[in-house]
1. Decide, for the stretch 88-168, between rounded, prolate and oblate: order the square roots of the alpha carbon gyration tensor eigenvalues as a ≥ b ≥ c, take rounded if a/c falls under 1.5, and otherwise choose prolate if a/b is larger than b/c, else oblate.
2. Ranked highest first by the average count of other Cβ atoms within 10 Å around their residues, in what order do 123-132, 167-176 fall?
3. Determine the shape class of the stretch 170-214: with a ≥ b ≥ c the square roots of the Cα gyration tensor eigenvalues, call it rounded for a/c under 1.5, and otherwise prolate if a/b is greater than b/c, oblate otherwise.
4. Which order do the peptides 152-162, 102-112 come out in when sorted by mean C-beta neighbours inside 10 angstrom, highest first?
5. Give K16/K199; K83/K122; K22/K77 a once-over and call out the pairs whose C-alpha atoms are over 32 Å from each other.
6. When a/c reaches 1.5 or more, the comparison of a/b and b/c decides; with that in mind, is the stretch 76-133 rounded, prolate or oblate per its Cα gyration tensor?
7. So if I place +1 on the C-beta of Lys and Arg and -1 on the C-beta of Asp and Glu, and nothing else carries charge, what would the dipole magnitude of the stretch 37-166 be about its Cα centre? I want it in debye, nearest 20.
8. Given a 1.4 Å probe and heavy atoms of the protein chains only, how would you sort V19, V232, largest accessible area at the top?
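The values are calculated or read from the model by the stated rules, or taken from the named source; none is laboratory data. For clarity, every value in this text was computed on a predicted model and none was experimentally measured. Cβ atoms come from the backbone with ideal geometry, glycine included; neighbour counts cover every protein chain shown. Side chains included, ligands, DNA and RNA excluded: accessible areas come from the protein's heavy atoms. Shrake-Rupley method; radii C 1.70, N 1.55, O 1.52, S 1.80 Å.
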Amino acid sequence: MGNAQPRAPSRSKTIKSPVTQKLEASFTGLLQNQSSATQQKTTVTEEDFHDAFSGPSEQFGRLVYHYGLRTDQSFLKLQQLTKSEYVAIMLPLYSAVIDQSKSELLEVMFDIFSGGQKMLSKADTKQLVNICCVLSLASSTTATPDGLVESSLEQNAIIQSFQEGLMAGNDELSADVLSDWLAVNAPCLFDGIQSWLKKTIDHSKEFYVIPQLKNTSQQVVSSAASLDAPAVWLLSTVLPHCYSQSTAKLQTGDRVSDSDVQNVSIPCFSLLYDSQEQGHSFNRCERHVDTEVPPFIG
(Lines give C-alpha, C1' and ligand atoms only; values in the text may rest on other atoms or scores of the structure.)
Protein backbone atom coordinates (compact mmCIF):
# COMPACT_ATOMS: atom_id res chain seq x y z
CA MET A 1 0.00 0.00 0.00
CA GLY A 2 2.63 2.49 1.05
CA ASN A 3 4.96 1.45 -1.79
CA ALA A 4 2.45 2.20 -4.53
CA GLN A 5 3.92 4.42 -7.24
CA PRO A 6 2.02 7.60 -8.09
CA ARG A 7 0.24 7.46 -11.46
CA ALA A 8 1.52 9.62 -14.25
CA PRO A 9 -1.02 12.24 -15.25
CA SER A 10 -3.09 11.00 -18.20
CA ARG A 11 -2.81 12.90 -21.45
CA SER A 12 -6.15 13.63 -22.99
CA LYS A 13 -6.26 12.94 -26.71
CA THR A 14 -7.91 15.58 -28.84
CA ILE A 15 -10.75 14.03 -30.83
CA LYS A 16 -11.41 15.83 -34.08
CA SER A 17 -14.94 16.12 -35.36
CA PRO A 18 -15.88 14.35 -38.63
CA VAL A 19 -16.28 17.77 -40.28
CA THR A 20 -12.77 18.83 -39.24
CA GLN A 21 -11.37 15.55 -40.50
CA LYS A 22 -13.05 16.00 -43.88
CA LEU A 23 -11.77 19.56 -44.20
CA GLU A 24 -8.24 18.49 -43.33
CA ALA A 25 -8.48 15.75 -45.96
CA SER A 26 -9.75 18.34 -48.44
CA PHE A 27 -6.74 20.54 -47.69
CA THR A 28 -4.39 17.60 -48.21
CA GLY A 29 -6.06 16.90 -51.53
CA LEU A 30 -5.50 20.50 -52.64
CA LEU A 31 -1.82 20.22 -51.76
CA GLN A 32 -1.46 16.99 -53.71
CA ASN A 33 -3.12 18.51 -56.76
CA GLN A 34 -0.86 21.56 -56.72
CA SER A 35 2.48 20.08 -55.61
CA SER A 36 5.09 18.97 -58.13
CA ALA A 37 7.60 16.16 -57.78
CA THR A 38 10.37 18.63 -56.96
CA GLN A 39 8.45 20.95 -54.63
CA GLN A 40 6.11 19.81 -51.90
CA LYS A 41 3.74 22.59 -50.84
CA THR A 42 2.51 23.16 -47.30
CA THR A 43 0.12 26.05 -47.95
CA VAL A 44 -2.72 26.79 -50.37
CA THR A 45 -2.73 30.07 -52.30
CA GLU A 46 -5.77 31.96 -53.57
CA GLU A 47 -5.02 30.67 -57.08
CA ASP A 48 -4.91 27.08 -55.83
CA PHE A 49 -8.22 27.61 -54.05
CA HIS A 50 -9.80 29.26 -57.08
CA ASP A 51 -8.72 26.44 -59.40
CA ALA A 52 -10.19 23.81 -57.06
CA PHE A 53 -13.55 25.44 -56.36
CA SER A 54 -14.42 27.26 -59.58
CA GLY A 55 -14.80 24.40 -62.04
CA PRO A 56 -16.41 25.84 -65.20
CA SER A 57 -17.29 29.00 -63.27
CA GLU A 58 -15.21 32.10 -63.87
CA GLN A 59 -15.35 33.61 -60.37
CA PHE A 60 -16.85 31.25 -57.79
CA GLY A 61 -13.53 30.10 -56.30
CA ARG A 62 -12.42 33.66 -55.56
CA LEU A 63 -15.82 34.55 -54.10
CA VAL A 64 -15.66 31.60 -51.71
CA TYR A 65 -12.03 32.34 -50.79
CA HIS A 66 -12.76 35.93 -49.80
CA TYR A 67 -15.93 34.87 -47.98
CA GLY A 68 -13.74 32.56 -45.91
CA LEU A 69 -11.27 35.33 -45.09
CA ARG A 70 -14.13 37.53 -43.86
CA THR A 71 -15.10 34.95 -41.22
CA ASP A 72 -12.19 36.15 -39.05
CA GLN A 73 -10.68 39.64 -39.05
CA SER A 74 -7.20 38.21 -38.52
CA PHE A 75 -7.46 36.35 -41.86
CA LEU A 76 -8.33 39.34 -44.07
CA LYS A 77 -4.81 39.92 -45.42
CA LEU A 78 -3.77 36.29 -45.79
CA GLN A 79 -2.11 35.51 -49.11
CA GLN A 80 -2.01 31.77 -48.48
CA LEU A 81 -3.56 29.29 -46.09
CA THR A 82 -2.12 26.70 -43.73
CA LYS A 83 -4.16 23.62 -42.88
CA SER A 84 -5.54 25.10 -39.65
CA GLU A 85 -6.45 28.36 -41.42
CA TYR A 86 -8.15 26.46 -44.26
CA VAL A 87 -10.23 24.46 -41.77
CA ALA A 88 -11.15 27.65 -39.89
CA ILE A 89 -12.37 29.58 -42.93
CA MET A 90 -14.18 26.61 -44.48
CA LEU A 91 -15.98 25.43 -41.35
CA PRO A 92 -19.00 27.81 -41.56
CA LEU A 93 -19.44 27.11 -45.29
CA TYR A 94 -19.17 23.34 -45.02
CA SER A 95 -21.44 23.23 -41.97
CA ALA A 96 -24.08 25.06 -44.02
CA VAL A 97 -23.55 22.77 -47.01
CA ILE A 98 -24.12 19.55 -45.07
CA ASP A 99 -26.88 21.00 -42.88
CA GLN A 100 -30.47 20.15 -43.77
CA SER A 101 -31.64 23.72 -43.17
CA LYS A 102 -31.95 25.79 -46.34
CA SER A 103 -31.93 29.01 -44.28
CA GLU A 104 -28.32 28.56 -43.14
CA LEU A 105 -27.16 27.78 -46.68
CA LEU A 106 -29.02 30.83 -48.03
CA GLU A 107 -27.35 33.03 -45.41
CA VAL A 108 -23.90 31.83 -46.47
CA MET A 109 -24.70 32.15 -50.18
CA PHE A 110 -25.94 35.71 -49.64
CA ASP A 111 -22.69 36.62 -47.90
CA ILE A 112 -20.62 35.02 -50.67
CA PHE A 113 -22.33 36.82 -53.54
CA SER A 114 -22.86 40.16 -51.78
CA GLY A 115 -19.20 40.37 -50.81
CA GLY A 116 -20.17 40.71 -47.16
CA GLN A 117 -22.55 43.62 -47.81
CA LYS A 118 -26.08 43.95 -46.47
CA MET A 119 -27.65 44.11 -49.93
CA LEU A 120 -27.26 42.29 -53.25
CA SER A 121 -26.86 44.58 -56.26
CA LYS A 122 -28.24 43.78 -59.72
CA ALA A 123 -24.77 42.65 -60.78
CA ASP A 124 -24.48 40.43 -57.67
CA THR A 125 -27.86 38.85 -58.36
CA LYS A 126 -27.01 38.18 -62.01
CA GLN A 127 -23.75 36.56 -60.94
CA LEU A 128 -25.54 34.47 -58.32
CA VAL A 129 -28.06 33.03 -60.78
CA ASN A 130 -25.48 32.45 -63.53
CA ILE A 131 -23.02 30.65 -61.23
CA CYS A 132 -25.81 28.53 -59.71
CA CYS A 133 -26.78 27.47 -63.23
CA VAL A 134 -23.24 26.69 -64.41
CA LEU A 135 -22.20 24.75 -61.30
CA SER A 136 -25.53 22.91 -61.05
CA LEU A 137 -25.12 21.62 -64.60
CA ALA A 138 -21.47 20.77 -63.92
CA SER A 139 -22.49 18.79 -60.81
CA SER A 140 -25.38 16.96 -62.45
CA THR A 141 -25.65 13.60 -64.15
CA THR A 142 -26.19 15.41 -67.44
CA ALA A 143 -23.19 16.53 -69.49
CA THR A 144 -22.62 20.29 -69.38
CA PRO A 145 -23.02 22.02 -72.75
CA ASP A 146 -19.66 22.92 -74.28
CA GLY A 147 -18.40 26.38 -73.37
CA LEU A 148 -21.07 27.05 -70.74
CA VAL A 149 -19.75 29.73 -68.36
CA GLU A 150 -21.42 32.69 -66.63
CA SER A 151 -20.76 35.09 -69.51
CA SER A 152 -22.40 32.72 -72.00
CA LEU A 153 -25.71 33.18 -70.15
CA GLU A 154 -25.79 36.94 -70.73
CA GLN A 155 -27.97 36.50 -73.82
CA ASN A 156 -30.15 33.70 -72.44
CA ALA A 157 -33.65 35.20 -72.42
CA ILE A 158 -35.12 32.75 -69.89
CA ILE A 159 -32.28 33.22 -67.40
CA GLN A 160 -32.47 36.99 -67.85
CA SER A 161 -36.23 36.95 -67.22
CA PHE A 162 -35.68 34.97 -64.04
CA GLN A 163 -33.08 37.50 -62.85
CA GLU A 164 -35.43 40.40 -63.58
CA GLY A 165 -38.26 38.69 -61.71
CA LEU A 166 -35.97 38.19 -58.74
CA MET A 167 -35.06 41.90 -58.63
CA ALA A 168 -38.71 42.97 -59.23
CA GLY A 169 -37.60 46.36 -60.54
CA ASN A 170 -35.40 47.13 -57.52
CA ASP A 171 -31.73 48.10 -57.60
CA GLU A 172 -30.86 46.09 -54.49
CA LEU A 173 -32.07 43.00 -52.69
CA SER A 174 -31.95 42.20 -48.96
CA ALA A 175 -31.42 38.74 -47.51
CA ASP A 176 -34.98 38.64 -46.15
CA VAL A 177 -36.52 39.60 -49.49
CA LEU A 178 -34.38 37.02 -51.29
CA SER A 179 -35.39 34.32 -48.80
CA ASP A 180 -39.10 35.10 -49.13
CA TRP A 181 -38.95 35.24 -52.94
CA LEU A 182 -37.04 31.96 -53.27
CA ALA A 183 -39.38 30.17 -50.85
CA VAL A 184 -42.28 30.89 -53.20
CA ASN A 185 -40.65 30.93 -56.64
CA ALA A 186 -37.47 28.84 -56.64
CA PRO A 187 -37.00 26.85 -53.42
CA CYS A 188 -34.30 24.62 -54.95
CA LEU A 189 -32.07 27.34 -56.46
CA PHE A 190 -29.02 26.45 -54.35
CA ASP A 191 -29.35 22.64 -54.49
CA GLY A 192 -26.92 22.30 -57.40
CA ILE A 193 -24.27 24.58 -55.93
CA GLN A 194 -24.64 22.69 -52.64
CA SER A 195 -23.92 19.46 -54.51
CA TRP A 196 -20.92 21.07 -56.25
CA LEU A 197 -19.40 22.09 -52.91
CA LYS A 198 -19.91 18.59 -51.47
CA LYS A 199 -18.12 17.09 -54.45
CA THR A 200 -15.28 19.61 -54.21
CA ILE A 201 -14.73 19.40 -50.46
CA ASP A 202 -15.28 15.74 -49.62
CA HIS A 203 -15.53 14.14 -53.09
CA SER A 204 -19.15 13.16 -52.54
CA LYS A 205 -20.47 10.72 -55.14
CA GLU A 206 -24.03 11.93 -54.81
CA PHE A 207 -25.58 13.03 -58.08
CA TYR A 208 -27.35 16.32 -58.55
CA VAL A 209 -30.26 15.30 -60.73
CA ILE A 210 -31.73 17.60 -63.36
CA PRO A 211 -34.92 16.19 -64.94
CA GLN A 212 -34.96 15.04 -68.53
CA LEU A 213 -37.75 15.85 -70.96
CA LYS A 214 -40.26 13.32 -72.30
CA ASN A 215 -42.60 13.93 -75.19
CA THR A 216 -46.20 12.82 -75.27
CA SER A 217 -45.23 9.34 -76.45
CA GLN A 218 -43.06 9.05 -73.31
CA GLN A 219 -39.78 9.00 -75.22
CA VAL A 220 -36.83 10.95 -73.82
CA VAL A 221 -36.15 13.89 -76.13
CA SER A 222 -33.20 16.21 -76.53
CA SER A 223 -33.63 19.42 -74.54
CA ALA A 224 -32.16 21.27 -77.51
CA ALA A 225 -35.32 20.48 -79.44
CA SER A 226 -37.49 22.35 -76.96
CA LEU A 227 -35.69 23.87 -73.98
CA ASP A 228 -31.96 24.37 -73.57
CA ALA A 229 -30.04 22.99 -70.57
CA PRO A 230 -30.15 26.23 -68.50
CA ALA A 231 -33.94 26.42 -68.99
CA VAL A 232 -34.45 22.81 -67.89
CA TRP A 233 -32.23 23.47 -64.84
CA LEU A 234 -34.28 26.55 -64.00
CA LEU A 235 -37.51 24.53 -64.17
CA SER A 236 -36.00 22.02 -61.75
CA THR A 237 -35.41 24.78 -59.19
CA VAL A 238 -38.98 26.04 -59.49
CA LEU A 239 -41.26 23.02 -59.90
CA PRO A 240 -41.87 20.61 -57.03
CA HIS A 241 -41.19 16.91 -57.59
CA CYS A 242 -44.89 16.20 -58.13
CA TYR A 243 -44.48 17.67 -61.63
CA SER A 244 -42.13 14.91 -62.71
CA GLN A 245 -42.13 11.13 -63.08
CA SER A 246 -39.21 8.90 -62.18
CA THR A 247 -37.35 6.84 -64.75
CA ALA A 248 -34.08 4.91 -64.68
CA LYS A 249 -33.11 5.62 -68.29
CA LEU A 250 -30.35 8.13 -68.92
CA GLN A 251 -29.56 10.03 -72.08
CA THR A 252 -26.42 9.31 -74.08
CA GLY A 253 -23.55 11.46 -72.83
CA ASP A 254 -24.60 11.42 -69.18
CA ARG A 255 -21.75 11.23 -66.69
CA VAL A 256 -23.08 8.21 -64.79
CA SER A 257 -21.21 4.95 -65.39
CA ASP A 258 -23.08 1.77 -66.35
CA SER A 259 -22.56 0.32 -62.87
CA ASP A 260 -24.26 3.35 -61.31
CA VAL A 261 -27.31 3.53 -63.59
CA GLN A 262 -29.40 1.20 -61.44
CA ASN A 263 -28.79 3.42 -58.41
CA VAL A 264 -29.86 6.68 -60.07
CA SER A 265 -33.48 7.69 -60.43
CA ILE A 266 -33.90 10.43 -63.03
CA PRO A 267 -37.14 12.43 -62.89
CA CYS A 268 -38.71 13.52 -66.16
CA PHE A 269 -40.84 16.48 -67.15
CA SER A 270 -43.54 15.19 -69.49
CA LEU A 271 -44.32 17.51 -72.37
CA LEU A 272 -48.06 18.00 -72.78
CA TYR A 273 -47.70 18.66 -76.48
CA ASP A 274 -44.97 17.87 -78.99
CA SER A 275 -45.32 19.70 -82.32
CA GLN A 276 -43.02 17.15 -83.97
CA GLU A 277 -45.58 14.44 -83.24
CA GLN A 278 -48.91 16.23 -83.01
CA GLY A 279 -48.30 18.92 -85.66
CA HIS A 280 -48.46 22.68 -85.30
CA SER A 281 -52.23 23.13 -84.96
CA PHE A 282 -53.14 25.32 -81.99
CA ASN A 283 -56.40 23.35 -81.60
CA ARG A 284 -54.42 20.16 -81.06
CA CYS A 285 -52.18 21.89 -78.53
CA GLU A 286 -55.21 23.26 -76.67
CA ARG A 287 -56.86 19.83 -76.60
CA HIS A 288 -53.77 18.22 -75.09
CA VAL A 289 -53.59 20.85 -72.37
CA ASP A 290 -57.31 20.73 -71.57
CA THR A 291 -57.38 16.94 -71.20
CA GLU A 292 -54.19 16.63 -69.16
CA VAL A 293 -54.54 15.62 -65.50
CA PRO A 294 -52.91 18.16 -63.13
CA PRO A 295 -50.42 19.06 -61.91
CA PHE A 296 -48.92 20.60 -65.01
CA ILE A 297 -47.47 23.88 -66.20
CA GLY A 298 -48.56 25.60 -69.38
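1. Oblate, because a/c is 1.5 or more while a/b does not exceed b/c.
2. The peptides rank, most packed first, as 123-132, 167-176.
3. oblate
4. 102-112, 152-162
5. In this structure, K83/K122 exceed 32 Å between Cα atoms.
6. The shape class here is oblate.
7. 220 debye
8. V19, V232
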